[in-house]
1. Of ASP63, ASP56, which residue is acidic (Asp, Glu), touching a residue at least 40 places away in the same chain (Cβ under 8 Å) and either touching a Ser or Thr at 6+ places or on another chain (Cβ under 7 Å) or open to solvent by 20 Å² or more (accessible area, probe 1.4 Å) (or both)?
2. Taking region 1-30 on its own, how many of its residues are without any contact (Cβ under 8 Å) to a residue 60 or more places away in the chain and in a strand (DSSP E or B)?
3. Which residues, taken from region 31-63, are in a loop (DSSP other than H, G, I, E, B) and within 16 Å of TRP5 (Cβ to Cβ)?
4. Tell me which residues, restricted to region 13-28, are open to solvent by 80 Å² or more (accessible area, probe 1.4 Å) and out of contact with any Asp or Glu (no Cβ under 8 Å at 6 or more places or on another chain).
5. Does at least one position in region 5-22 carry a residue that is in contact with a Gly (Cβ under 6 Å, 6 or more places away or on another chain) and among the polar types (S, T, N, Q)?
Amino acid sequence: MDKKWKLSVLMAGKYDIVKGARIGFHLDAETDLYIASCGRKDFGIVKSINGGSREDLRMLGIDFGGIVVRTDPDQYMAEVVVKAHKEAA
């Protein structure tokens, strides 16, 4: 069964990212931050995982993707849903 997480992304500015856009995430080894990108352009960092912990975020891996469900350009925020795949026992 797949569990869904909602990530809060702090955008570096007012980007024109729309609901339904595909977002990629990768872990930057130097800063230990998850970088958000859209169309191969980095635009923000993961601020938090709603209802989860940093360990839950780490379980997603170093490279994963999600879908934008809400943006607030005035607050420089976006919410992205990602699926956490459970491995079969």
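1. Sole residue among the options that is acidic (Asp, Glu), touching a residue at least 40 places away in the same chain (Cβ under 8 Å) and either touching a Ser or Thr at 6+ places or on another chain (Cβ under 7 Å) or open to solvent by 20 Å² or more (accessible area, probe 1.4 Å) (or both): ASP56.
2. 7
3. Initial filter on region 31-63 (in a loop (DSSP other than H, G, I, E, B)): 31-32, 39-40, 51-53, 60-62.
Passing the criteria: GLY51, GLY52, SER53, LEU60, GLY61, ILE62.
4. If we filter region 13-28 for residues that are open to solvent by 80 Å² or more (accessible area, probe 1.4 Å), which is where we start, we get 14, 16, 18-19, 22.
Listed by number, the residues that qualify are ASP16, VAL18, LYS19, ARG22.
5. No, that holds for no residue.
The values are calculated or read from the model by the stated rules, or taken from the named source; none is laboratory data. Keep in mind that what you see is a predicted model, and the values were worked out from it rather than measured. FYI the Cβ positions are ideal-geometry reconstructions off the backbone, even for glycines, and counts take in every protein chain you see. With ligands, DNA and RNA removed, areas are computed over all heavy atoms of the protein, side chains included. Shrake-Rupley method; radii C 1.70, N 1.55, O 1.52, S 1.80 Å.
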